[in-house]
1. Quick one: in the stretch A:44-65, which of the residues that are in a helix (DSSP H, G or I) and touching a helix residue (DSSP H, G or I) at 6+ places or on another chain (Cβ under 7 Å) is nearest to A:Tyr205 (Cα to Cα)?
2. Residues being out of contact with any helix residue (DSSP H, G or I) (no Cβ under 7 Å at 6 or more places or on another chain) and surrounded by 21 or more Cβ atoms within 10 Å (Cβ to Cβ): count how many of those fall in the stretch A:188-208.
3. Any residue at all in the stretch B:172-181 that's within 16 Å of B:Ile202 (Cα to Cα), assigned to a helix (DSSP H, G or I) and within 13 Å of chain A (Cβ to nearest Cβ)?
4. With respect to A:Ser124, is the statement that it is open to solvent by 10 Å² or more (accessible area, probe 1.4 Å), among the polar types (S, T, N, Q), more than 13 Å from A:Tyr232 (Cβ to Cβ) and not in a strand (DSSP E or B) true?
5. Which one is farthest from B:Leu177 (Cα to Cα) among residues in the stretch B:91-104 that are open to solvent by 40 Å² or more (accessible area, probe 1.4 Å) and within 8 Å of chain A (Cβ to nearest Cβ)?
6. Just to be sure I understand, how many residues within the stretch A:290-316 are of a type outside the set (S, T, N, Q), in a helix (DSSP H, G or I) and buried (at least 24 other Cβ atoms within 10 Å of the Cβ)?
7. Output yes when any residue across the stretch A:330-344 is under 23 Å from A:Ile272 (Cβ atoms) and among the hydrophobic types (A, V, I, L, M, F, W, C), and no when none is.
8. Tell me, which residue of the stretch A:214-248 that is within 30 Å of A:Gly39 (Cβ to Cβ) and hydroxyl-bearing (Ser, Thr, Tyr) is surrounded by the most Cβ atoms within 10 Å (Cβ to Cβ)?
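The values are calculated or read from the model by the stated rules, or taken from the named source; none is laboratory data. This structure is a prediction, so every number in the text was calculated from the model and none was measured. Because the Cβ atoms are built from the backbone with ideal geometry, glycine has one as well, and the counts that use them run over all protein chains shown. All accessible areas refer to the heavy atoms of the entire protein, side chains included, with ligands and DNA or RNA removed. Shrake-Rupley method; radii C 1.70, N 1.55, O 1.52, S 1.80 Å.
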Amino acid sequence: MVALARKTLVYEWRRFLPAILAVGFAGLLQLLQAALVLGIFSSASVYITGSSADLWVGYPGTQSVSLGRPIDPDVEMRLRMDPAVAHVEPFYWVDADWRGAHDTGGESVYVTGIDTRADGLMFSRTLPPALRARLAEPDAVIVDRADVDKLGVKVGDTAVINGRRVRVVGESSGLRALGGVNVVTSLDTARQLDNDPTDLGRPTYLVARLRDPAQADAVAARLRGDKGFGPYDVWTARTFARRSVLYWMLDTGAGAGVVFLAGIVFLVGAVITSQTLMAAVAGSVREYATLNALGVGVGNLRWVVLEQAFWVGAIGLLGATLLGVLLLVAARSQDVPVVLNIPITLLCVALAMALAAVSGLVAMRSLRRADPASLLR
Amino acid sequence: MSRPAPVTASRPSGHALRAEGIAKAFVSGKVRTQVLDDLSLTIDAGELTLISGPSGCGKSTLLAILSGLQKVDAGRVIALGSELGELDSRALERFRLLHTGFVFQGFNLFPALSGLEQVELPLHYLGLSGRQARERAAQSLDEVGMTPRMHLRPSELSGGEKQRVAIARALAKRPELLFADEPTSALDAANGQTIIDILHRIARTHGTTVLCVSHDPRLIRHADRVLSMEDGRILSDQRPAPPAATPEGTAP
């Protein structure tokens with residue numbers, strides 16, 4: 001078979017270039033937008049994804065990690081009684097006010113109190129053992145590299161949290177918070193910094209590691225039912241992370257914004273692509289008409305146009321992928337939060353190909369002008 | 001230049017095309033122009049028939065109607081025993097695919113394809129395998145003397161060469177009917193002569209019914225039959241004496 005669509009695309013590449021660029025940039029925009037939004041909002045769940053706990057236990061109905069309320073510390077006993085549970089530790093969350101050494105005014109911070117032992121679950125993926133060991137020192141805190149300017153401190157400086165003097169003993173990376181600043185301390189320091197009398201030293205969460213993480217769903221369901229220890233609920237890490245991210249996305253309206261912007265990008269891309277394809281078809285309309293005169297059906301000619309649209313989409317996406325990888329690497333190196341997963345990437349690819357297909361369908365209409373009788377005038 | 005054996009051993013007798021009382025008008029706004037009015041004619045099989053006349057006389061419209069590219073307002077057209085008016089657009093496409101070839105004034109070649117690919121392309125839609133299509137395309141290009149240049153794209157060919165590729169494209173389908181619309185008017189004398197010779201030879205060797213519309217006087221000597229048209233009617237129907245130089249020399 002003579003590959004008319006591909007050969008024309010290669011030979012007249014200049015004619016098709018705008019369409020290829022339109023599909024490519026539309027794909028790239030969708031992808032980067034998704035990566036950026038996922039990146040920004042996944043920091044809402046950094047406490048969960050940066051830790052190796054399989055189960056999270058917190059106040060019933062908690063919609064995001066940052067919105068926890070204290071629970072009864074005795075729940076820990078209930079967890080330990082379950083044979084599937086290998087390890088349990090408390091996690092403290094304290095909303096606090098920060099005053100830096102230099103004059104940066106007040107700053108809202110999230111103080112997170114973690115078990116500083118080397119095998120501790122909290123932030124096991126984000127804090128290297130040497131760094132977490134430094135937290136054992138009383139009133140020691142770690143701040144994120146991305147926040148040091150905002151807090152007006154550097155390692156070794158002292159600052160004041162909720163009226164109590166603390167010392168910055170290290171800088172973490174990848175612990176940027178959403179809507180605030182993360183400050184990591186030991187469990188003891190966190191309890192000291194918590195000046196809310198209703199908290200009574202109770203933990204905000206209990207996190208647990210299971211002997212078999214694959215059983216997380218079943219164990220969570222089993223532990224959830226017990227009402228004997230006051231109000232608490234159990235979620236798998238995956239569920240709670242997802243819930244936290246979704247809460248922020250929907251709460252801020254960012255989710256709707258993403259969909260809206262994706263729609264605009266799709267529309268603009270489709271208009272440019274279809275116009276370019278239409279022009280390409282119009283440029284060869286006499287040749288198409290001749291083929292039709294020779295008996296090649298209009299249906300077959302439409303396939304040629306659709307095939308062209310497919311190749312335009314495929315080439316555009318290839319370019320978008322290469323450029324996208326470069327940009328994501330660059331963003332990562334600059335601490336810009338970007339996250340991509342396979343379902344979202346596939347969705348972006350599908351959107352770009354749908355854009356090409358829609359444009360191809362629109363461009364088919366130009367074939368109506370390929371009337372062979374018009375060649376006889 | 002090798003020549004394949006004719007598809008029909010003896011030239012078929014009888015009518016390849018018949019038009020009975022056909023009429024066609026075009027409406028543009030409030031102006032209605034009657035292009036053809038109660039026109040009847042028959043075209044004999046295996047002949048090169050030339051329709052000539054001044055521009056606007058309706059000869060191109062007649063060609064479009066006889067070839068099934070346009071519908072008539074009244075009357076009927078019978079081509080190879082089928083009444084074209086009774087076929088829907090799909091069936092007409094099928095009819096054209098199996099039985100007709102076209103050569104246009106503009107060569108209408110795809111810029112991206114080589115001569116061989118231009119000729120091959122329609123053959124795939126006939127259901128030929130890749131190898132068969134390539135062989136047949138090469139054969140057709142050989143017949144019009146384009147073998148040495150069949151791998152070149154249109155931009156590398158002269159006007160005459162492009163028209164020879166276009167003729168090969170029409171010929172490769174082995175049509176019973178070949179329609180040509182002003183095939184020489186975009187060409188110089190020498191190239192025009194080559195095209196005329198090729199069309200004439202196709203009628204002779206393949207028994208193809210060639211219907212050619214042209215106001216090119218050079219064509220008249222080569223035609224088996226010349227119909228002169230004016231104002232939508234046929235004024236004269238002549239059979240000029242065959243030129244002595246006809247290759248096969250078997251004029252009727």
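1. Quick first cut of the stretch A:44-65, residues in a helix (DSSP H, G or I) only: A:44-49, A:65.
Checking which are touching a helix residue (DSSP H, G or I) at 6+ places or on another chain (Cβ under 7 Å) leaves us with A:44-45, A:47-49, A:65.
Working: A:Ala44: 16, A:Ser45: 14, A:Tyr47: 11, A:Ile48: 11, A:Thr49: 15, A:Val65: 9 Å.
Ranking the qualifying residues of the stretch A:44-65, first place goes to A:Val65.
2. Kept after step one, since they are out of contact with any helix residue (DSSP H, G or I) (no Cβ under 7 Å at 6 or more places or on another chain), are these residues of the stretch A:188-208: A:188-200, A:202-205, A:207.
From what is left, the residues that are surrounded by 21 or more Cβ atoms within 10 Å (Cβ to Cβ) are A:189-190, A:193-194, A:203-205, A:207.
So the answer is 8.
3. No: the stretch B:172-181 contains no residue that is within 16 Å of B:Ile202 (Cα to Cα), assigned to a helix (DSSP H, G or I) and within 13 Å of chain A (Cβ to nearest Cβ).
4. Numbers: open to solvent by 10 Å² or more (accessible area, probe 1.4 Å): yes; among the polar types (S, T, N, Q): yes; more than 13 Å from A:Tyr232 (Cβ to Cβ): yes; not in a strand (DSSP E or B): yes.
It is true that A:Ser124 is open to solvent by 10 Å² or more (accessible area, probe 1.4 Å), among the polar types (S, T, N, Q), more than 13 Å from A:Tyr232 (Cβ to Cβ) and not in a strand (DSSP E or B).
5. Of all residues in the stretch B:91-104, those open to solvent by 40 Å² or more (accessible area, probe 1.4 Å) come to B:94, B:98-99.
Keeping just the survivors that are within 8 Å of chain A (Cβ to nearest Cβ) gives B:94, B:98.
Values: B:Arg94: 14, B:Leu98: 10 Å.
Among residues in the stretch B:91-104 that are open to solvent by 40 Å² or more (accessible area, probe 1.4 Å) and within 8 Å of chain A (Cβ to nearest Cβ), the one farthest from B:Leu177 (Cα to Cα) is B:Arg94.
6. Within the stretch A:290-316, the subset of a type outside the set (S, T, N, Q) is A:291, A:293-299, A:301-307, A:309-316.
Narrowing further to those that are in a helix (DSSP H, G or I): A:291, A:293, A:298-299, A:301-307, A:309-316.
Narrowing further to those that are buried (at least 24 other Cβ atoms within 10 Å of the Cβ): A:291, A:293, A:305, A:309, A:312-313, A:316.
Of the residues in the stretch A:290-316, 7 are of a type outside the set (S, T, N, Q), in a helix (DSSP H, G or I) and buried (at least 24 other Cβ atoms within 10 Å of the Cβ).
7. Within the stretch A:330-344 (the criterion being under 23 Å from A:Ile272 (Cβ atoms) and among the hydrophobic types (A, V, I, L, M, F, W, C)), the answer is no, since none of the residues qualifies.
8. Just the residues of the stretch A:214-248 that are within 30 Å of A:Gly39 (Cβ to Cβ), to begin with: A:214, A:216-217, A:220, A:233-248.
Narrowing the set further to residues that are hydroxyl-bearing (Ser, Thr, Tyr) leaves A:236, A:239, A:244, A:247.
On the way: A:Thr236: 22, A:Thr239: 16, A:Ser244: 28, A:Tyr247: 19.
The extreme case among them is A:Ser244.
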